[in-house]
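Worksheet: the structure to be examined is printed underneath.
The values are calculated or read from the model by the stated rules, or taken from the named source; none is laboratory data. Every value quoted in this text rests on a predicted model; they were computed, and no experiment measured them. Here the Cβ is made from the backbone with ideal geometry for all residues, glycine too, and neighbour counts use every protein chain on show.
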Amino acid sequence: MTSIYFRTLGCSTNHAESEVMAGLLKKADFGIVDSMEKAEIIILNVCIVKGTANAKKHITELVEYAEENNRKLIIAGCMTKDAYSEFRDIAPDASYINTDNILNIVEVVEETRHDKNVTLMTAPQDIKINKPRVRQNKVTAIIPICNSCTEQCSYCIVKAVKGKLFSYPMEDILDDAKKALNQGAKEIWITAQDTAAYGLDWYTKADRLKANLEKKQLKSKLPELLRKLAKLEGRFMIRLGMLNPVNLKPIIDDLIEVYKSHKIYKFLHIPVQSGSNPILERMNRRYTVGEFENMIKSFKKVFPEITIATDIIAGFPGETEAQFTESVFITRKLSPDILNVSRYQDIPKTASHKMEDKVHGNISKQRTRLLTDIYHNITKLNNERWIGWEGEILINDRKQDFIGRNFAYKLIAIDPDSLHRKNNPDLLGKIVKVKITKQDNFTLIGELL
């Protein structure tokens, strides 16, 4: 039996696609192993949304390992033709399969193990869910609901990698969720490049023309999907992934209503990207800071303890000191529970790559550090509000300690001393009652009750 090891970079969708590839290979009687040392073939699933540097670092490492240890290498995942050329220069003897072709992974592995290098870079629109899976975490099922997005953000390569929006049939998503729950999953992650875009590609040209004439924005099918998922039998939780504000706007009332379900984590990931309206315009984000703030207020009015996650890019081309200060201001005003700060990455073939007045790397680095420092202070203050809270959490992971999430998706690590007092039970997948007693290095610590 040929043994295969996966290394996955990037977002939750990439991890879901690695699980599907592993599932298809296992069904074809290949062995899936947990380390390179045990593998005959290594599959690296890459992501280039933030540039190719990280992927190239991993490819270089794995090429050296493969050559020294007589292993074969397959590069999979998100890659443009330009990225493929870059990767090919580093790993000329590897096989290549892009994200659109993952359902052909068995054929690619068969050819590769017989010393025939394969390249599959076509762009079929396949439904990449409701397939065999080897889940990395038995408690959590990651279910992508669509591929690509509707927008043309000036800094982003997603449309070049993934093409037009392609939403998966609702029945396939529901079937995938049912299978996962029957197999013991207690948590469903709904993920996409923009979950709020789900179903927007199902509208006809006539629908779009009518909306334009009436100056209305088409509504996605996301609330309907979540409503149906929440009605599935069993005790489980749903975590909704990132939403673009522009597609959240027309469905916000419907989504807030659906969020009232006790099965949906009170968690919202909505990237602002900048606190400056002129910068948002250059980014082609199609909303204002004021509109973004109103969306957050709408959710917090109904769910005061909701966890807010957002993203900010520091050092976008043309960003002045005053405009960056606006990003600092919105960060302090919003006080997000989670903030993903990124230095601007100048990615070829994006609109922003052609922009002049680039911000010097040292300046963007300083801005990133400042935002990160502010966020760390905010995190400590936000966490202090939760100390003393008692309630149920779902244990969804185990690293050094058991880790769980409460109704607001707050991460809580179980105090090992309290676990010992309970005779060290295996809590993975269990719902337990805890009391949050302290925070340690930005992590809330809870005692079992």
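For the reader, a short list of remarks on this structure follows.
- Residue in the range 82-94 that is under 23 Å from the mean Cα position of the chain (by Cα) and over 30 Å from M170 (Cβ atoms) present: yes
- Considering the range 434-449, and only residues there that are free of Cβ contacts under 8 Å to residues at least 60 places away in the same chain and not in a strand (DSSP E or B), the residue that is nearest to K138 (Cα to Cα) turns out to be L449.
- From F316, F299, residue being of a type in the set (F, W, Y) and either under 26 Å from P250 (Cα atoms) or out of contact with any Phe, Trp or Tyr (no Cβ under 7 Å at 6 or more places or on another chain) (or both): F299
- Residue among N137, N101 that alone is surrounded by 15 or more Cβ atoms within 10 Å (Cβ to Cβ) and in a helix (DSSP H, G or I): N101
Listed here are the residues, each with its yes/no results for (1) outside the structural domain of R343 (by TED's automatic domain parsing); (2) of a type in the set (A, V, I, L, M, F, W, C); (3) within 25 Å of I173 (Cα to Cα); (4) out of contact with any Lys or Arg (no Cβ under 6 Å at 6 or more places or on another chain).
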position	(1), (2), (3), (4)
N247	no, no, yes, yes
Y259	no, no, yes, yes
H269	no, no, yes, yes
M295	no, yes, no, yes
I306	no, yes, no, no
P317	no, no, no, no
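- Within the range 306-354, restricting attention to residues that are of a type in the set (F, W, Y) and crowded, with 16+ Cβ neighbours inside 10 Å, the residue that is nearest to G241 (Cα to Cα) is Y344.
- With respect to being under 18 Å from M242 (Cα atoms), surrounded by fewer than 21 Cβ atoms within 10 Å (Cβ to Cβ) and of a type in the set (S, T, N, Q), S298 fits the description.
Yes/no per residue for (1) assigned by TED's automatic domain parsing to the domain that holds A322; (2) assigned to a loop (DSSP other than H, G, I, E, B); (3) more than 21 Å from I264 (Cα to Cα); (4) modelled with pLDDT of 95 or more:
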residue	(1), (2), (3), (4)
Q366	yes, no, yes, yes
L371	yes, no, yes, yes
N377	yes, no, yes, yes
L394	no, no, no, yes
Q400	no, yes, yes, no
I412	no, no, no, yes
V432	no, no, no, yes
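- Selection status of E40, of a type in the set (D, E), more than 26 Å from the chain's Cα centre (by Cα) and surrounded by 15 or more Cβ atoms within 10 Å (Cβ to Cβ): yes
- Given (1) over 20 Å from E305 (Cα atoms); (2) more than 16 Å from the chain's Cα centre (by Cα); (3) of a type in the set (G, A, S), number of the condition A197 does not satisfy: (2)
- Where a residue in the range 173-191 is more than 19 Å from L427 (Cβ to Cβ) and its partner, wherever it lies, is basic (K, R) and buried (at least 17 other Cβ atoms within 10 Å of the Cβ), with Cβ under 6 Å and at least six apart: W189/R239
- If you go through the range 138-152 and pick out every residue that is over 14 Å from the mean Cα position of the chain (by Cα) and not basic (K, R), you end up with 4.
- Listed conditions (1) surrounded by fewer than 21 Cβ atoms within 10 Å (Cβ to Cβ); (2) in a strand (DSSP E or B) are all met by W189, apart from (1).
- Residue satisfying all of: in the range 8-23; farther than 7 Å from N45 by Cβ and more than 12 Å from the chain's Cα centre (by Cα); surrounded by the most Cβ atoms within 10 Å (Cβ to Cβ) among these: M21
- Test set (1) over 23 Å from P169 (Cβ atoms); (2) in contact (Cβ under 8 Å) with a residue 24 or more places away in the chain - T99 fails condition number: (1)
- Taken as a whole, the structure places S276 among residues that are free of Cβ contacts under 8 Å to residues at least 60 places away in the same chain, surrounded by 17 or more Cβ atoms within 10 Å (Cβ to Cβ), polar (S, T, N, Q) and more than 26 Å from G10 (Cα to Cα).
- Within the range 376-390, the presence of at least one residue that is surrounded by 15 or more Cβ atoms within 10 Å (Cβ to Cβ), touching a Lys or Arg at 6+ places or on another chain (Cβ under 9 Å), of a type outside the set (V, I, T) and farther than 30 Å from R343 by Cα is confirmed.
- Residue satisfying condition, being at pLDDT below 95 and either of a type in the set (V, I, T) or touching a helix residue (DSSP H, G or I) at 6+ places or on another chain (Cβ under 9 Å) (or both), within set T60, T112, T80: T80
- Members of the range 327-344 that are outside any loop (DSSP other than H, G, I, E, B) and either small (G, A, S) or at pLDDT below 95 (or both): S327, S342
- Residue match in the range 405-421 (condition: β-branched (V, I, T), in contact with a strand residue (DSSP E or B) (Cβ under 6 Å, 6 or more places away or on another chain) and in contact (Cβ under 8 Å) with a residue 12 or more places away in the chain): yes
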